[in-house]
Amino acid sequence: MEIRLTELIIVILYFAAMIGIGVWANRSTRTQSGFWVSSRDVGSWMVGLCFFSAGASGSLMISNPGFALKAGLAGIITMISAITVSYMLAVTLVASQLRKMGKYTVVDLLEERYGSKVLTGLSSIVVVVAFLFYIAVQIKAGGMIGAFLFNISFGKAAAAMTVVFVLYVAIGGMKSVTLTEAIQAVLMLMVMAFLALTIMIKEGGFGELYSKTIENVPFYGGLNPDFPYLALVGLFITWFTMGIVSPHFVMRTLSAKNGTVARKGILIGAVLTGFFASLYILAVSLAEGAFFIGMADTDQAWVSVINRYFSPFLVGLTLAGVMAAVMSTTAAQLLACSASIVNDLYNKLINTQASEKALVGLGRFFVVVVAVVAFGVAMSETKIMTLIVTTATGFLASSFFFPIVLGIWWKRMNTLAAVWSGIIGFAVYGLVYAFKLFPTGETIIALPISGIVAIAVCLLTPPPPPEIVGMQASWHEGDSV
């Protein structure tokens, strides 16, 4: 197979434009505020497009249609509805309060509320471990596209894509991520809508395509008999926490101008994600089920779908759209992981006197380090991308959900409760996952135990000091300026 020149030119031009924006944005990333949270000047539509762009990641664009064929529509409906609900929860429970804290990361927030170095260190480690898997998924998606375009091995393509990701993020920080994500979100919305409509029109409508898919995948309209109902519940519980516990979503909330803008932006992201992701996944999974069900790796089937329905020029635009999803999510995740290492571990626990210039420089350096390690994970991890992301989200939810939510809304929540809730939640999730006691349903066990531990320890130990109670109360007084 020869190199696909038309598609390749379009994607290369896209890459060049994104890196160019990163170079332009570099002048605004000399401070931590500029590098981590885009100087906190992002409007509601930009926040909404960024939330959509992060949610419509490589795993959604490439892997979720295949996951629908593995689990049935019930599985993918559960996931998309949970993501949409997670955004609504973020709007209701944490958006305004998080923005008022004026911090950079999830760990920053936990330290502000609880003041525990132990919790700071453990939380940073959890974030880094989880994000190595998140980023590995995006590198895998980029490698698949590169292998298709360049006609080279997956490993070489993934390495090349990793270099592009690193340049894009290390140069421009969150400022370039925010600017380019708006462009990427529009491109992804166009790709999702146009591909879905093209499939339906060319195949004679939903009914005809659905009939062909059901012949090949009898359980498609419901749930795979091999996929337990409790696992479906676990999938929902895991994903409905995402908008609150995932550090790259929290950083987007923190970049908003104020609490009201943050809430409006997240709501826009929820509407865009719920509608367009559902339309896209339904159409692409039907096409995969009808014509490409025999492929061993369902993550690869989307390539065959776009080749069936699009000309080389449109294939190039589609690949650019998928790369938009991959780049936007990877960029935010690299920043979140780098921030956790530099801002949360190094600056808080090792060198509290580090200068702004040194911290930003280290931030760029660890973007590279994290990308290299994640590349190694991507080369060794063979699971469906959607399930890898679910695992990482489950670890974060079991560790952070109750310390964050109860810390914002319950004055009685104290440091010991947060520490033990996080430790026990993480440990239980890890044990259940490691011994495969409840595949994809780990959070059914780990998350409630984390909550029970938080409440029990709170009630058995002294309340937090008055200054902490007063600070927590201030987060609920109007919107930040």
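In this structure, PHE275 and PHE365 have a Cβ-Cβ separation that, at R0 = 45 Å, corresponds to a calculated FRET efficiency of about 0.65.
The tail of the calculated P(r) for the range 334-413 beyond 20 Å holds 54 percent of all Cα-Cα pairs. Cβ-Cβ distance of VAL373 and ASN151, R₀ of 25 Å, FRET efficiency by 1/(1 + (r/R0)^6): the value works out to about 0.35. Spin-label pair LYS357-MET88: with each label point 7 Å from Cα along the Cα-Cβ axis, the two points sit 5.0 nm from one another. Gain on full extension, evaluated as 0.36 nm per residue between ILE9 and ILE214 minus their Cα-Cα distance, stands at 70.0 nm. Cross-link pairs exceeding 25 Å in C-alpha to C-alpha distance, out of LYS117/LYS264; LYS100/LYS348; LYS117/LYS411, comprise LYS117/LYS264. Each of GLU467 and LYS436 was given a label point 7 Å from its Cα along the Cα-to-Cβ line. The distance between the two points is 5.2 nm. Protection proxy ranking of 5-15, 126-136, by the mean of other Cβ atoms within 10 Å over each peptide's residues and highest first, is 126-136, 5-15. Convex hull volume of the Cα atoms of the range 179-321, normalised per residue: 136 Å³.
Each semi-axis of the equivalent ellipsoid for the range 354-474 is √(5λ) with λ an eigenvalue of the Cα gyration tensor; in descending order they amount to 31, 25, 10 Å.
Quick note: the coordinates plus some simple rules give every number you see, no bench work behind them. Being a predicted model, the structure only gives us computed values, none of them experimental. For neighbour counting, all protein chains shown are included, and Cβ atoms are generated from backbone atoms with ideal geometry for every residue, glycine included.
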